[in-house]
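The values are calculated or read from the model by the stated rules, or taken from the named source; none is laboratory data. For clarity, every value in this text was computed on a predicted model and none was experimentally measured. So basically every Cβ, Gly included, is an ideal-geometry build from the backbone, and we count neighbours across all protein chains shown. Heavy atoms of the whole protein, side chains included, go into the accessibility calculation; ligands, DNA and RNA do not. Shrake-Rupley method; radii C 1.70, N 1.55, O 1.52, S 1.80 Å.
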Amino acid sequence: MMSNATLSIGGTNVEMPVLSGSIGPDVVDIRKLYAQTGAFTFDPGFMSTASCESSITYIDGDEGVLLHRGYPIGQLAEQSSFLEVCYLLLNGDLPRQDEYANFTRTITRHTMVHEQLSTFYRGFRRDAHPMAVMCGVVGALSAFYHDSTDIADPEQRRIASHRLIAKMPTIAAMAYKYSVGQPFIYPDNRLSYSGNFLKMTFGVPAEEYEVNPAIERAMDRIFILHADHEQNASTSTVRLAGSSGANPFACIAAGIACLWGPAHGGANEAALNMLREIGRPERIPEYLARAKDKNDPFRLMGFGHRVYKNYDPRATVMQQTLREVFEALKINDPVFEVALQLEEMALNDPYFIEKKLFPNVDFYSGVILSAVGFPTEMFTVLFALARTVGWVAQWNEMISDPAQKIGRPRQLYTGPTQRDYVPLNQR
Ligand code: SDX
């Protein structure tokens, strides 16, 4: 259904088409606005701006709904696997059994990295933040795979997509091994995607590594929860980089760099650090007061969201996964109690209620990952590992969209108007 919006500007009335999606808010198509009025729109942070058309993921922030190709995240987390969700995000439908078997075999056989890639790690200090390592090593993949950087060729895009999804666990595990001075562990094709990642991370050559099925399932579910999330900051970064024709490895490296920020993917690391700093429930009121104090830059990490103005459905599954991991590992970490009580108090606090601030995906993830044995600095690396499939699916959608153009936003200029140069000896 198409209707029009009328904008009256400078005495001119301009009709703009209003487009409707399958669900969600309508959009006003302003593509001809500048040509017809000489004016731009102004929307820093894209609070009211759709940057693209997409059919991959849909979020209803008011209802706390997250759909991947129409399937609710709760059902996928409960019944699917991360590799099946990868197939769904890339191809648009759940695979038949033969398709799933083929896809799993393809991804499994791409998990090794070029042997020379390991030399890139040795250029970093052992205490380098692993996200710095990920930015560098993933970007370096461009130098190894010249046979899959022609983005105009769908077959090369397919191979590059599979390589990125398959190799991220290997590259992430190598970043961890390098930081602790242990040897890199090669992929083991007998294991599942998540089981293989656990072995490459926590296994050592000196003994057999036994994958704990409860932890394998928890990791797979955590990867599902982080797979894709509409046009978030890092996905928008990947799309913008890809719009210039940059190769997929460079685009994903750009996404990793953006995800690192504490307001985005870095929040899981910041949230656990915050919970540990709070330390015990009696100190929660002090931190809630700080979060509400406009003069204090402190924010409750893992709380709030640009889109969710209700409970992030991923946080619900994450809390349930946390209970399962603590049960499986017989862990009793006071930080979980602090997280539960902080959530309870914040959700009953007028400030958080009025501003619609709820726990997001990052609030509990750090507690789980710490319990499994990952150091805090690795949390955002795991987010990047899982989000790679979302970045790749969105990148493919953009490249294959006939309407796509290089992204080049305009601005509201408020700097000096033209003036003449004054020689140094006259200033
Ligand atoms: C992710 O986009 C995505 O989909 C991201 C993500 C994904 O899967 O890709 O979901 C992953 O990034 C989750 C978010 C992780 N970040 C954090 O947990 C960091 C803490 N949260 C905030 O910094 C903030 O909530 C954002 C960045 C997440 C959202 O910020 P917005 O939408 O720009 O909202 P805002 O900063 O304008 O805040 C609105 C108001 C402000 O108060 P006023 O200026 O109106 O008085 O709410 C306040 C903020 O001060 N506020 C908070 C708060 N978050 C917002 N106050 C205290 N603690 C917080 N966490």
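Data for the structure
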{"read-out": "Filter result (of a type in the set (A, V, I, L, M, F, W, C) and more than 7 Å from the ligand (Cβ to nearest atom)) within the stretch 297-308", "value": "F298"}
{"read-out": "Residue within the stretch 31-49 that is among the polar types (S, T, N, Q), farther than 18 Å from M16 by Cβ and either in a strand (DSSP E or B) or open to solvent by 80 Å² or more (accessible area, probe 1.4 Å) (or both) present", "value": "no"}
{"read-out": "Qualifying residues in the stretch 304-334 (those that are under 30 Å from S48 (Cβ atoms) and among the hydroxyl-bearing types (S, T, Y)) - the one most open to solvent (accessible area, probe 1.4 Å)", "value": "T316"}
{"read-out": "All positions within the stretch 99-131 that are among the small types (G, A, S) and in contact (Cβ under 8 Å) with a residue 40 or more places away in the chain", "value": "S118, A128"}
{"read-out": "A132 vs. criteria aliphatic (A, V, I, L, M) and modelled with pLDDT under 95", "value": "no"}
{"read-out": "Of all residues in the stretch 309-338 being assigned to a helix (DSSP H, G or I) and of a type in the set (F, W, Y), the one that is nearest to the ligand (Cβ to nearest atom)", "value": "F336"}
{"read-out": "Scope the stretch 224-267; condition more than 14 Å from the ligand (Cβ to nearest atom) and open to solvent by less than 10 Å² (accessible area, probe 1.4 Å); matching residues", "value": "G242, P248, F249, C251, I252"}
{"read-out": "Residue list for the stretch 268-296, restricted to those being more than 16 Å from S370 (Cβ to Cβ), more than 10 Å from the ligand (Cβ to nearest atom) and either in a loop (DSSP other than H, G, I, E, B) or open to solvent by 60 Å² or more (accessible area, probe 1.4 Å) (or both)", "value": "R280, E282, R283, P285, E286, N295"}
{"read-out": "Residue under evaluation R387, criteria (1) among the charged types (D, E, K, R); (2) within 30 Å of C52 (Cα to Cα); (3) open to solvent by 10 Å² or more (accessible area, probe 1.4 Å), criterion not met", "value": "(3)"}
{"read-out": "Helices (runs of 4 or more DSSP H) (entirely within the stretch 62-180) containing at least 3 residues that are among the hydroxyl-bearing types (S, T, Y)", "value": "97-108, 118-121, 154-180"}
{"read-out": "Residue pairs meeting the criteria (Cβ under 7 Å; at least 6 apart or on separate chains; first closer than 24 Å to D60 by Cβ, in the stretch 283-307; second among the polar types (S, T, N, Q))", "value": "G302/N360; F303/N360; G304/N360; H305/N360"}
{"read-out": "Residue under evaluation A140, criteria (1) in contact with a Ser or Thr (Cβ under 9 Å, 6 or more places away or on another chain); (2) open to solvent by less than 30 Å² (accessible area, probe 1.4 Å), criterion not met", "value": "(1)"}
